[in-house]
1. Hey, residue 41 hits all of (1) part of a loop (DSSP other than H, G, I, E, B); (2) surrounded by fewer than 18 Cβ atoms within 10 Å (Cβ to Cβ); (3) in contact with a helix residue (DSSP H, G or I) (Cβ under 7 Å, 6 or more places away or on another chain) but one; which does it fall short on?
2. Tell me which of these residue 57 doesn't satisfy, since it passes every other one: (1) in contact with a helix residue (DSSP H, G or I) (Cβ under 8 Å, 6 or more places away or on another chain); (2) at pLDDT 95 or above; (3) within 18 Å of residue 15 (Cα to Cα).
3. For residue 73, work out the one condition from (1) on the phi < 0 side of the Ramachandran plot; (2) in contact (Cβ under 8 Å) with a residue 12 or more places away in the chain; (3) surrounded by fewer than 12 Cβ atoms within 10 Å (Cβ to Cβ) it doesn't fulfil.
4. Report, by residue number, each residue of segment 82-98 that is surrounded by 11 or more Cβ atoms within 10 Å (Cβ to Cβ) and more than 13 Å from residue 32 (Cα to Cα).
């Protein structure tokens, strides 16, 4: 789950999703809140920390591995985006989708 557009917090969900796929585990990254800002074309390319690849490269690698990228419709509306262009490969879904994913995983969510 990605809830922010802070550069320092972009890598963990992507590293964990890539690791899950390498372990043959289904992986989904769900973007909500201001995290959606990273998915606008040109934004992820601007973030590169330390020796890691850019966030765009990390997203591309994760997508190439089969990680699913979901975007919260309610968060899109919260940001005032009636219509918005996002990077290819993301799917806009309702907020209940996150609850369903958590229930299917028999997990809890926290922010």
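1. In the conditions (1) part of a loop (DSSP other than H, G, I, E, B); (2) surrounded by fewer than 18 Cβ atoms within 10 Å (Cβ to Cβ); (3) in contact with a helix residue (DSSP H, G or I) (Cβ under 7 Å, 6 or more places away or on another chain), residue 41 misses (3) alone.
2. (1)
3. (3)
4. Selection gives 84, 86, 87, 89.
The values are calculated or read from the model by the stated rules, or taken from the named source; none is laboratory data. Only a predicted model underlies this, so the values are computations on that prediction, with no experimental measurement involved. Every residue, glycine among them, receives a Cβ derived from its backbone with ideal geometry; neighbour counts consider all protein chains shown.
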